[in-house]
Amino acid sequence: MPTTTTPIARGPLIALHRRGGATIELREGWEVAVHYPHEPAATANRVVDLSHRPTFEINGPETGGRLASSSGSDIPLRRIQSIAGGEAYRLTPSRAILFGWIDPPQGALDVTGGWASLALYGPEAERILNKITAVDLRVRTLPPGSCCQGPIFGVNTLFGRFDDRFELHVCSDSAEFFWEVLFDAGQEFGLAPAGCA
């Protein structure tokens, strides 16, 4: 895709990344934090801001058919399907949210600016989240490839669990507060921000 020289969009956390000394680059018109001065190791507890990814929502009785037209099959409720670098979260029979999709199904609504998305990596990711939510995030309750919704300090959060990370999606208006809550909880585990390489 072409790279623009002037940003057309800024994620809700870009000012925070700048204050933290992150290197900012333009990607498809979005300012993105790509590197931090003290980048954590790949095995460390770390958070990556993914708010620049294209995000779409599908609503209505045709949701299953629209998902099937893009992914080859419908997606079960509360499950996530990864397709072509993006993920489809099936929330209800009539609602799905697509994160990172370049070519969404017909009728999908672009809601990119309305969401802030963070990826939480590391061996203590579940323990960090357990400090700030009552949502049951154990593997037997929320196995990899599944999603659920619940509060973190009063912020409605969409949780996605993957083999190597949790994805946390919140309203962009709550992003900075959410970031601070997450880092307060992760301080004892050495949680650090990382760039989106």
- Task: Determine the gain in length on full extension of the stretch residue 95-residue 27; use 0.36 nm per residue of separation and subtract their C-alpha separation, reporting nm with one decimal.
- Result: 21.7 nm
- Lys and Arg at +1, Asp and Glu at -1: neighbours of residue 54 with Cβ under 10 Å from its Cβ sum to -2
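Pairs of Cα atoms under 8 Å, at least six residues apart: use those to get the relative contact order of segment 55-109, whole percent. Present the calculation step by step, with values, prior to reporting the outcome.
Working: 102 pairs, mean separation 23.8, N = 55.
Normalised by residue count, the contact order of segment 55-109 is 43 percent.
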- Task: Using +1 at the Cβ of each Lys and Arg and -1 at the Cβ of each Asp and Glu in the chain, identify which of 154, 97, 135 lies farthest towards the dipole's positive end.
- Result: 135
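Using 1/(1 + (r/R0)^6) with R0 = 30 angstrom and r between the beta carbons of residue 130 and residue 44, what's the FRET efficiency to the nearest 0.05?
Values: r = 19 Å, r/R0 = 0.62.
For residue 130 and residue 44, the calculated efficiency is 0.95.
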- Can you work out the PRE-style zone for residue 62? Point 7 Å along Cα to Cβ, and I want the residues of segment 101-124 with backbone N under 13 Å. 105-109
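Assuming 0.36 nm per residue, please report the length gained on full extension of the stretch residue 188 to residue 8 beyond their Cα-Cα distance. Please list the in-between numbers first.
On the way: separation 180, 0.36 × 180 = 64.80 nm, distance 3.72 nm.
Full extension of this stretch gives 61.1 nm more.
Just add up the charged neighbours of residue 11: K/R +1, D/E -1, any other residue whose Cβ is under 13 Å from the Cβ of residue 11. Provide the component values of the computation, followed by the final result.
Details: positive: 10, 18, 27, 53; negative: 25, 28, 31, 49, 173, 176.
Value of the local net charge: -2.
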- Taking only the alpha-carbon positions of segment 55-109 and ignoring solvent, what does the Debye formula give for the base-10 log of I(q)/I(0) at q = 0.17 Å⁻¹? -0.39
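Taking every pair of distinct Cα atoms and averaging 1/r, then inverting, what Kirkwood hydrodynamic radius in Å comes out for the chain?
Taking the inverse mean of 1/r over all distinct Cα pairs, the chain comes out at 17.2 Å.
Just add up the charged neighbours of residue 117: K/R +1, D/E -1, any other residue whose Cβ is under 9 Å from the Cβ of residue 117. It would help to have the intermediate numbers written out before the result.
Details: positive: 53; negative: 49, 167.
Neighbourhood net charge equals -1.
For residue 15 and residue 163, FRET efficiency with R0 = 35 Å and r from the beta-carbon atoms, rounded to 0.05?
On the way: r = 32 Å, r/R0 = 0.92.
Computed FRET efficiency for residue 163 and residue 15: 0.60.
Quick one: length gained pulling residue 153 to residue 79 fully straight, 0.36 nm per residue minus the C-alpha distance?
Working it through step by step, the gained length comes to 24.2 nm.
Values quoted throughout were computed directly from the atomic coordinates according to the rules given, and no laboratory measurement underlies them. These figures come from a predicted structure and were not determined experimentally. Using ideal geometry, Cβ is built from the backbone for each residue, glycine included, and neighbour counts are taken over all protein chains shown.
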